[in-house]
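One structure is given here, and the rest of the page talks about it.
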Amino acid sequence: MNVVHIERLTKVYGSGHTAVAALRDATLTVDRGELTAIVGPSGSGKTTLLTAIAGVIDPTSGRISIGANCVYDEGWKVRDLRRFRREHLGFIFQSHNLVPFLTARENVLIALQINGTRGSRAVGIASQLLDYLGVGERANHLPEELSGGEQQRVAIARALANSPPVILADEPTAALDTERGQSVMALFRRIAREKGSAVICVTHDRRMIEGFDRIYHVQDGRVSSGDSKTER
Amino acid sequence: MNLAIRDLRQHWGRFSLSCFGVGLLLTLVLSYGGIYNGFVADALALIGSSGTDLWVVQKDTRGPFAEQSRLPDDARDRIAVVPGVSVTSPYIFYTVQRPWHGRMLRFVVVGYDLGTGMGGPARVVAGRGIVQAHYEMVADQKLGLRVGDTVPLGLHEYIVVGLTRGMVGSGGDPAVFFSYQDAEEIQFVKDNWAIRNGRQRALAAYTHALPTQPVLAPGLSRRFADNPELHSVNAVLVRLAPGAEPAKVAASINRWEYYTAYTTEEQSQLMLTGPVTLAKRQTGLFRVLLTIITTVIIAQIIYTMTLEKLKPIALLKLIGAPNGLIIGLVLQQSLALGLIGYMIALVLGNLTYDKWPRRVIVGPPDQLALLALVLGICVFASLVGVRRALRVEAGAALTG
C-alpha cells in the first residue's frame, strides 16, 4: 500500500539563464513499512527531494501525496504544513539536530507536546522509546553529554514519538563510524518492520544500503526507478 | 515543559549577569522617580510642618522659600488685627555654610517664635525641643550633629538640644531650628570690627549733616542693637480663627497691608512650580533616556539570545511547532530578564536609598508603575527577537 506517492516532481532554483533544475520529473512511491534508500552523489538532488517531501520547499511542479494528503495543497497555510509534519513525518538528520538545551527525554517529549500529548502519558512514551533504542539510561543527559551514536538514537526516538507513517532520514550515518552506522541502519529496518513506518533514507554511502527494501538512484535531478531488493 | 527556562538553564551565568545589568538600569529609572518625589517632599517639608494657614511676605515677592523676602518683625502686630486672624508668628529662613571641626556645615536656618511654635520642628526624634529663647538649636539628623554638640555661629555658641528627621530646605540642605531672635542675630549681628567701622561711618555722616539736619541728632544716640534693620524676618505665619476662610483673609491682607499673603496651598504651589519644576523636567528627561536605553539593551540581549537559538527554532518548526511556541520562548525570556532585573532594582534600591546624597522616596505606586513599564519594555523589546525567530525557515534545520 503506497504511503508516499510522488509524481513528476520538478524543482527549479532561480530563473532565466541562471535557473538550475534540482529535480526533473521525479516520480517514486514508498509503501508502508518499507525501508527505502535514495542514493546519489553530492549535488544530485536527493536532499531537495527529501525537503520537498517534508513540505519545506515548494516544488516548481508535480505532486506529492502522503497518505490521503496532498502536500502543498493550494489551500494550505504555514500552520497546516506544520500540523501535517508533526502528524505524518518524523525527521532524522546527519548532524543529529537535537535541541541543545533539552535533555534526551525532553527532546522526545517536545515532539509529543507539540502534537498535543502531555503529562505522564508523554513521559511514558518518551521513556519507552528511549529504552527501545537503548538510551534509556541516558535520558536525563543533555545532547552535549551524549556520544554521536547516542544522539542519533535520541533523534530516532524523537522521530518515532508521534508514530508517524513516514520517517525521513537525511544522511543519518554520515557522522558515525561504520559500525555505528550499520547499527543505525539495522535500527531503521527494525522500526520499519515493527512500527510499520515507511523509512525514506537519503544517503550517498553505498555501504549502508544493504537490506533496503527499495533503492532509488538520483543523478542530475532525475530519479531512476526504484529497485525492490527485498521481498516482504 | 517550558522551553524558555530550559534554555536559560544552559546559560544561567551569562543570563544572571544580563539580569544584573538590567537591574542596575532599572534601579536608576526607579530612583530618578524617587529623587523627584524627594524634591517634592523636601520642598514641602517645612511648609507642611509649619502648622500655618497663611504666609505673609514682602509685597509682590514669592518668599520666603522661592524668593528672598524681608519685612519688619513687628509686621506680625499689624497682621494680627486683620479680621479672621487668630495668631501671627515671625518666620526666618536662610542658608548658611560654616566650618565646624574640619568639615563644612551647610544648613538652612529656620527661626520661629517659641511662644506660638508655628514653623518650628514638628517632631523631635532625639533630645528635646528648644525651651529657652537663646543659644539652643534643634538640627536635622542629616546634618550629622549629635545632641550636646555646640556650634559657634556669629558671636555665640549654640548647643544642639534635639534632632529632627526629614526636615530639609527645598535644596535638600538640612534644617536647623532656632528662636527667631537668635536667627536674626546670627544673620545680622556683625563682629566687633564691623560694628566699629559702621559706627564711625554713621557718626561721620550724621556729623556732616547736623548743621542742616538737626532732626537726625537722635540717631547718634541710638544703640546699634536698636537699629530696626536688625529686626527683619522673612515671613509672618498666620493661623486663622475658626471659620475664617484663608483666601478671604489673604485677599484682605493683600488689599490693606503692604504685604503679600499666600495660603499654604499657594505657598506649596509656588515651590512646585518654581524650583521643583526644573528638577521634574531634568529627572523626567533622565528617566525617559534610561527607559529607552533599557529597552534597547533588553532588545539587544533578547535578539542575541534568539540568534543563538536559530537552529533549534528551525528544528522546532520542522517538527511542527506552532508559532505560539516560538513566540512564547522569546517573549518569556524577555519577561524573565525584565522581571528579574526589576526585582534586583527593588532590592538594590531599598538597600541603598538611605545612602544617596539626596532624599529618594519610592513608594508602592512608583514600584507598580515601574513594573508596568518593565512589562511593556519586555514585550516591545522581544518584538525584534520574535520577528527574527519567525523569519527562520524550517528548512534551515535540514541544511545544517
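The values are calculated or read from the model by the stated rules, or taken from the named source; none is laboratory data. Model, not experiment: these values are computed from the prediction. Heads up, the Cβs are rebuilt from the backbone with ideal geometry, glycines too, and the neighbour counts pull from every protein chain shown.
Points worth noting:
- In the condition set (1) in contact with a His (Cβ under 9 Å, 6 or more places away or on another chain); (2) buried (at least 19 other Cβ atoms within 10 Å of the Cβ), B:His156 is compliant with all but (2).
- Within the stretch B:127-152, the residues that satisfy the criterion of being part of a loop (DSSP other than H, G, I, E, B), on the phi > 0 side of the Ramachandran plot and either out of contact with any His (no Cβ under 7 Å at 6 or more places or on another chain) or crowded, with 19+ Cβ neighbours inside 10 Å (or both) are B:Gly144, B:Gly148.
- Here A:Arg153, A:Arg207, A:Arg158 are screened, and the one residue that is out of contact with any strand residue (DSSP E or B) (no Cβ under 9 Å at 6 or more places or on another chain), within 15 Å of A:Phe91 (Cβ to Cβ) and not in a strand (DSSP E or B) is A:Arg153.
- Residue list for the stretch A:91-110, restricted to those being more than 8 Å from every other protein chain (Cβ to nearest Cβ) and part of a helix (DSSP H, G or I): A:Ala104, A:Arg105, A:Asn107, A:Val108
Residues are listed down the side, and each one gets a yes or a no for (1) at pLDDT below 90; (2) loosely packed, with under 14 Cβ neighbours inside 10 Å:
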| position | (1), (2) |
| --- | --- |
| A:Asp131 | yes, yes |
| A:Gly136 | yes, no |
| A:Ala139 | no, no |
| A:Gly149 | yes, no |
| A:Ile156 | yes, no |
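- Test: B:Asp42 is within 13 Å of another protein chain (Cβ to nearest Cβ) and in a helix (DSSP H, G or I): no
- When we screen B:Leu25, B:Leu17, B:Leu3, B:Leu54 for residues that are modelled with pLDDT under 90 and either of a type outside the set (Asp, Glu) or in contact with a Lys or Arg (Cβ under 6 Å, 6 or more places away or on another chain) (or both), the only hit is B:Leu3.
To keep it simple, each residue is scored yes or no on (1) touching a strand residue (DSSP E or B) at 6+ places or on another chain (Cβ under 9 Å); (2) facing chain B (nearest Cβ under 10 Å); (3) closer than 26 Å to B:Leu316 by Cβ.
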position: A:Gly16; (1), (2), (3): no, no, no
position: A:Ala21; (1), (2), (3): yes, no, no
position: A:Leu35; (1), (2), (3): yes, no, no
position: A:Gly55; (1), (2), (3): yes, yes, yes
position: A:Asp58; (1), (2), (3): yes, no, yes
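- For the stretch B:376-390, the set of residues classified as surrounded by fewer than 22 Cβ atoms within 10 Å (Cβ to Cβ), more than 10 Å from B:Val330 (Cβ to Cβ) and not β-branched (Val, Ile, Thr) consists of B:Gly376, B:Phe380, listed by residue number.
- Those residues of the stretch A:39-53 which are under 24 Å from A:Pro164 (Cα atoms) and within 14 Å of chain B (Cβ to nearest Cβ), in sequence order: A:Lys46, A:Thr47, A:Thr48, A:Leu49, A:Leu50, A:Thr51, A:Ala52, A:Ile53
- Failed condition for B:Thr294, given (1) surrounded by 21 or more Cβ atoms within 10 Å (Cβ to Cβ); (2) within 14 Å of chain A (Cβ to nearest Cβ): (2)
- Single condition B:Asp74 does not satisfy, out of (1) within 24 Å of the chain's Cα centre (by Cα); (2) farther than 15 Å from B:Arg239 by Cβ: (1)
- The residues of the stretch B:102-126 that are over 25 Å from the mean Cα position of the chain (by Cα) and free of Cβ contacts under 8 Å to residues at least 60 places away in the same chain, listed by number, are B:Gly102, B:Gly115.
- Output for the stretch B:6-28, where each listed residue is of a type in the set (A, V, I, L, M, F, W, C), touching a residue at least 12 places away in the same chain (Cβ under 8 Å) and surrounded by fewer than 24 Cβ atoms within 10 Å (Cβ to Cβ): B:Leu8, B:Phe15, B:Cys19, B:Phe20, B:Leu24, B:Leu25, B:Leu28
- Residue-level check: of (1) more than 16 Å from the chain's Cα centre (by Cα); (2) at pLDDT below 80; (3) more than 10 Å from chain B (Cβ to nearest Cβ), A:Arg79 misses just (3).
- Picking from residues in the stretch A:111-145 that are of a type in the set (A, V, I, L, M), in contact (Cβ under 8 Å) with a residue 40 or more places away in the chain and in a helix (DSSP H, G or I), the one that is nearest to the other protein chains (Cβ to nearest Cβ) is A:Ala111.
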